[in-house]
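Trainee: This structure is in structure tokens; I'll ask about it shortly.
Nothing in this text is a laboratory measurement; each read-out follows from the coordinates by a stated rule. Bear in mind that the values here come from a model prediction, so they are computed numbers and not experimental data. All Cβ positions, even for glycine, are placed from backbone atoms using ideal geometry, and neighbour counts span all protein chains on display.
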Amino acid sequence: MLAGISKHFFHFLAGSRSLQRVASRIGMRKPTSFARRFIAGETIDEAIAAALVLRARGLLVTLDHLGENVTTADEASAATREYLAIAESMNRADIDRNISLKLSGLGLDVDKNQAIDNLRTVLRRTEAAGFFVRLDMESSHYTSVTLEIVETLWREGHRGLGVVLQAALRRSEQDLQRMNALGGRVRLVKGAYTEPRTIAYHRKADVDAAYERMMRLLITAGHYPAIATHDHVMIYRTRQWAAARAVTPDRFEFQMLYGIRRDLQAKLARDGYRVRVYIPFGREWFPYFMRRLGERPANVLFVVRSLIREKRE
Ligand SMILES: Cc1cc2nc3c(=O)[nH]c(=O)nc-3n(C[C@H](O)[C@H](O)[C@H](O)COP(=O)(O)OP(=O)(O)OC[C@H]3O[C@@H](n4cnc5c(N)ncnc54)[C@H](O)[C@@H]3O)c2cc1C
């Protein structure tokens, strides 16, 4: 029954302010609260603690400070300063210098030029400290502008940044050629947003087929690509494809989300592959959390079970 609940429904709930208020009060309050399965915590210190645990298991990390779609220039500047402080804390803690961020969080909806300047400010500091910054890909509304911004900054000489392409979008195979020609680092994902049929594949088989085609191109012609999926079939095919072409495991990495398929993360690391875990943290965790429920409605049962357990404790 749960499988029938659509992604649309969870995206609709993600916009509900009252649900967000209730969830925010209870989702993080204890170490066992339901949101902590997928979100490391609300502070940078909690994210660093999670990163250290993963590092001890032989996993790499990237940190994502949750907060999307800021609506004023002041909020965008504050988010930029926050990223500089996060980079500073990561530096001090000596964890992987790898950050994932969203351009809407740097003010893309407010003023494109300001968002680019904010990104330049982040990059100037992070590149000097040896960081890599990945621009997460948001809904299709942002695809063209995100790729253009990457190209602009690339031309200016910035090399410490990369992009994400979503196999679900019909345009992505062409975008991949464009990013490969540029020399940019690509993270390949299936795509977390609901998009119209005119521009996106809707059947899982079509998304998977596009994912596999793009994976093949990335492994043979990409620049240290990230194959980001929990789909064991896609992971198996990536391993096969790379091995058959003598592409060694140090020339690409697998990526997975915090709290999802931890068994598979550990197995791949044991098998000698690089596995990077995407660690989201921050007070604005609700929309991210709802996207994860939308991908796998069975997670709702996990939330319900956590709530019942908390009530009993
Ligand atoms: C590191 C990383 C970064 C990402 N960045 C972006 C981005 O910038 N933009 C974007 O649009 N999307 C991003 N995504 C999300 C991505 O687009 C997919 O929505 C998500 O990864 C689920 O697809 P899948 O490849 O795992 O395959 P699916 O076919 O959806 O799932 C395969 C299997 O993985 C497991 N699984 C998948 N999702 C869940 C879940 N939520 N809970 C529990 N089990 C699950 C299940 O066992 C499932 O059968 C990112 C994903 C990863 C791993």
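Trainee: Quick check: pseudo-label points 7 Å beyond the Cα along Cα→Cβ at Asp74 and Arg197, how many nm apart are they?
Mentor: Placing both labels 7 Å beyond Cα along the Cβ direction yields 4.6 nm.
Trainee: Under the rule of at least 5 residues apart or a separate chain, name every residue whose amide H is placed under 5 Å from the amide H of Ala228.
Mentor: Leu188, Gln255
Trainee: Would you calculate the volume per residue, in Å³, of the smallest convex hull containing every Cα atom of the range 208-313? Walk me through the numbers on the way to the answer.
Mentor: Values: hull volume 13.8 nm³, N = 106.
Cα convex hull per residue, to the nearest whole number: 131 Å³.
Trainee: By its C-alpha gyration tensor, with a ≥ b ≥ c as the square roots of the eigenvalues, how is the range 142-193 shaped: rounded for a/c under 1.5, else prolate for a/b larger than b/c, else oblate?
Mentor: prolate
Trainee: Shape of the chain from its Cα gyration tensor (a ≥ b ≥ c, root eigenvalues): rounded if a/c is under 1.5, otherwise prolate when a/b > b/c, or oblate?
Mentor: Working: a/c = 1.28, a/b = 1.12, b/c = 1.14.
Note, shape of the chain comes out rounded.
Trainee: Taking 0.36 nm per residue of separation and subtracting the Cα-Cα distance, what length does fully extending Gln177 through Asp263 add? Can you show the working numbers first?
Mentor: On the way: separation 86, 0.36 × 86 = 30.96 nm, distance 3.32 nm.
In short, 27.6 nm is gained.
Trainee: About its Cα centre, what dipole magnitude does the chain give when the only charges are +1 on Lys and Arg Cβ and -1 on Asp and Glu Cβ, stated in debye to the nearest 20? Don't skip to the answer; put the middle values down first.
Mentor: Working: 50 positive and 35 negative charges, 238 e Å.
So the dipole magnitude of the chain works out to roughly 1140 debye.
Trainee: Calculate, for Lys204 and Leu19, the FRET efficiency according to 1/(1 + (r/R0)^6) with r their C-beta to C-beta distance and R0 25 Å; round to the nearest 0.05.
Mentor: On the way: r = 28 Å, r/R0 = 1.11.
The formula returns an efficiency of 0.35 here.
Trainee: Let me make sure I get this right: for the range 149-244, a, b and c are the square roots of the gyration tensor eigenvalues over alpha carbons, sorted descending. Under 1.5 in a/c it's rounded, otherwise prolate if a/b > b/c, else oblate. Which is it? Please list the in-between numbers first.
Mentor: On the way: a/c = 2.19, a/b = 1.25, b/c = 1.75.
Here the range 149-244 falls in the oblate category.
Trainee: Taking the Cβ of Leu176 as the center, what net charge do the other residues with Cβ under 15 Å away carry, scoring Lys and Arg +1 and Asp and Glu -1?
Mentor: On the way: positive: Arg170, Arg171, Arg178, Arg185, Arg187, Lys190, Arg213, Arg216; negative: Glu151, Glu173, Asp175, Glu212.
Residues near Leu176 contribute +4 overall.
Trainee: Now for a different question. Nearest 5 is fine: what % of DSSP beta bridges in the chain come out antiparallel, could you say?
Mentor: Numbers: 1 of 29 bridges.
Of the beta bridges lying entirely in the chain, close to 5 percent run antiparallel.
Trainee: Note down the nm distance, to one decimal, between modelled labels 7 Å out along Cα→Cβ at Glu295 and at Gln114.
Mentor: 3.2 nm
Trainee: Right, next: Between Arg125 and Glu151, what is 0.36 nm times their sequence separation minus the Cα-Cα distance? Round to one decimal in nm. The partial results should precede the final answer.
Mentor: Values: separation 26, 0.36 × 26 = 9.36 nm, distance 1.94 nm.
Full extension of this stretch gives 7.4 nm more.
Trainee: Mind ranking 254-261, 192-199 by how tightly packed they are, going by the mean number of other C-beta atoms within 10 angstrom, highest first?
Mentor: Details: 254-261: 21.2, 192-199: 13.6.
Descending packing order for the listed peptides: 254-261, 192-199.
Trainee: Also, quick follow-up: Quick test of the membrane-span-like rule: which DSSP H helices of the chain reach at least 27 Å along their long axis (C-alpha atoms) with mean Kyte hydropathy at least -1.0?
Mentor: Helices passing the filter in the chain: 73-93.
Trainee: Please compute the volume of the convex hull spanned by the alpha-carbon atoms of the range 48-206 and report it per residue in Å³.
Mentor: Working: hull volume 19.8 nm³, N = 159.
Hull volume normalised by residue count: 125 Å³.
Trainee: Here is the link list: Lys30/Lys204; Lys30/Lys190; Lys102/Lys204. Which ones come out longer than 30 Å on Cα distance?
Mentor: Table pairs above 30 Å Cα-Cα are Lys30/Lys204; Lys30/Lys190.
Trainee: With springs only between Cα atoms under 10 Å apart, run a GNM on the chain and tell me which of Arg37, Arg292, Arg213 wobbles the most.
Mentor: Arg213
Trainee: Would you please give the residues with an amide H less than 5 Å from that of Gly162, counting only those at least 5 places away or on a separate chain, with H modeled from the backbone geometry?
Mentor: Val133, Arg134, Leu135
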